[in-house]
Each structure stands twice: as C-alpha cells, then as structure tokens.
C-alpha cells in the first residue's frame, strides 16, 4: 500500500472522526480540523490518487494556465477543462445574466469578446505568480533564476494571496504560498493552503504541486525531492460525507509514474503533450458537487 495515498486516506478519516461541524461561506456546511501536514516522496511514484480516478488532464492544463499568467477560463474551456466554470458564471448571473451555464460556457468558447468580458477571474493565481500586485514582479522567473544561481537561498518562494487585490478576485487563492528547498541534488517544495476542500480539491492540489516541482527540477538540473503539503482549515463539505465513505472502502493501488519530455529546458515552454502518465490504474471516479 502506498504511504503517499494512505496518509491522505488517514486525513479523511481524521476529519470524519475528530472534525468540528461548522458553517461556511457557501452555506453548505463542513466538518473541519485546523492544521495538518502531509509529505510526498516524489521518487516513490507520482501522487495521483488511485482510490478514485483524478482528472489529470485538468491538473496539467491548470498548471500550464497558471504558468502563462492567464486568469481567463477561455484557455481551459477551449481544452475541455471546466474546473473553474462555476465562479465566472456565478458572477455573470449576479450581474443579471440570463444564459444557462451550458450556454454561458459555449459563449466563452465561441465569442472572444464575451470571454474577455465574462471569463476572467481577476488577479488570481497565475497573475500573482507572473505579475505580483500588477507591479511586474515575476515570482516564478525569480525562483528559477535563484535556483540556478543560489540554490541555498531561503527566499525561493511564491506568494499568491495578495490582500491588496483580494477583493478583485472571484475566489482568493486557497493554495496561497509555496517555497523551494535544495538538498543533495534534489528539489523539494512546501505549500501552505489556507482552505482545503479535502475530498474534491486536495487530491488535485497534491498532484498539481508535485507536477510543478518535477517541472522546475527538470529545468534547473535537479532531481525531484519531496512535496510537503501544509493545510490550514482542512474540511470535508457535508454533502461529500457519503462519497468519502465510498472512497475509504476502497483499497489503494500502486502509484503511477509521471514522465516529462526531457527536451524541455524552459519552464514556460511546456505543452500538454510533454506529459505522459504510466501505470495509472485507479478505481472509478466519485462524483460530488462543488461549493461555490
């Protein structure tokens, strides 16, 4: 049994058994604990959960979207990734829009002007990564340069939660800061997540930052080390309890392997075709509603 996946399953059990039932912004209700850490050794396989099928295509495209500094869902929609659809659609309806969500998304895909007006999330993740606070501070490029020139630096971090611009974002960043560390020729990444939707979001976040760590390691000539995931408000939504029980009844399978195109040496030049997953044999997906 994979320790990487087992620690996630143990977290689900801990929240269900020990968590406090609380209200939340979405009105759904959660069961929550505060403060948790998981560690994933990236030499032991790619941490993509096997107790349910995880949407890897969405993970890869979202990372590429972030790295381009893009904040408009059109790129995702054009690639049949719909993980961010609900937030711009909610804003559209709140401002009097009458299209159904399906027609809204179809318009994002087909109408450039409509997408420009309604598809943008505000200065969220990718924007802060590449142009922090609208001041031209490219945090990702700075990290790459520092890793190459001064890998012992303790300043190799990226901050996405920007209080100055938070009110302009449709959803302020949940995974809000990450730091890199080099030892023995290996690159590790630690990420702090203020708010963790443990059933739906966290499996995505684990794989996303594991992938980013592998990508950065490749372009700076290091091996992947660990991804360390630090969680703040760590919760399961009340309408996910039955799905969690279903997942906990399943036996994990061996972790897959992620292969990156070794020819890519620039972080911002990766394409979707540069990633290949091998040996992924998950249980079926488990559907659950997202809280917006």
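The values are calculated or read from the model by the stated rules, or taken from the named source; none is laboratory data. Every value quoted in this text rests on a predicted model; they were computed, and no experiment measured them. Quick reminder, even Gly has a Cβ in these numbers, built from the backbone with ideal geometry, and neighbours come from all protein chains shown.
Things worth noting here:
- Within segment 145-164, none of the residues are closer than 19 Å to residue 77 by Cβ and assigned to a helix (DSSP H, G or I).
- Residues that are surrounded by 17 or more Cβ atoms within 10 Å (Cβ to Cβ) and over 18 Å from residue 223 (Cα atoms), drawn from segment 140-156: 140
- Options 282, 252: the member that is over 16 Å from residue 208 (Cα atoms), in contact with a helix residue (DSSP H, G or I) (Cβ under 7 Å, 6 or more places away or on another chain) and not in a strand (DSSP E or B): 252
- If the condition is being on the phi < 0 side of the Ramachandran plot and in contact with a strand residue (DSSP E or B) (Cβ under 7 Å, 6 or more places away or on another chain), then segment 271-285 contributes 274, 275, 276, 277, 278.
- Where residue 66 falls short, out of the listed (1) out of contact with any strand residue (DSSP E or B) (no Cβ under 7 Å at 6 or more places or on another chain); (2) more than 30 Å from residue 188 (Cβ to Cβ): (2)
- Within segment 110-131, no residue satisfies the criterion of being in contact with a strand residue (DSSP E or B) (Cβ under 7 Å, 6 or more places away or on another chain), within 14 Å of residue 177 (Cα to Cα) and outside any helix (DSSP H, G or I).
- Which listed residue, of 64, 76, is within 15 Å of the chain's Cα centre (by Cα), surrounded by 14 or more Cβ atoms within 10 Å (Cβ to Cβ), part of a helix (DSSP H, G or I) and not assigned by the TED database to the domain that holds residue 258: 76
- Considered as a group, the residues in segment 14-24 that are exposed (fewer than 12 other Cβ atoms within 10 Å of the Cβ) and either out of contact with any strand residue (DSSP E or B) (no Cβ under 9 Å at 6 or more places or on another chain) or modelled with pLDDT of 95 or more (or both) include one that is nearest to residue 281 (Cα to Cα), and that residue is 17.
- Yes/no for residue 49 being over 12 Å from the mean Cα position of the chain (by Cα) and over 27 Å from residue 127 (Cβ atoms): yes
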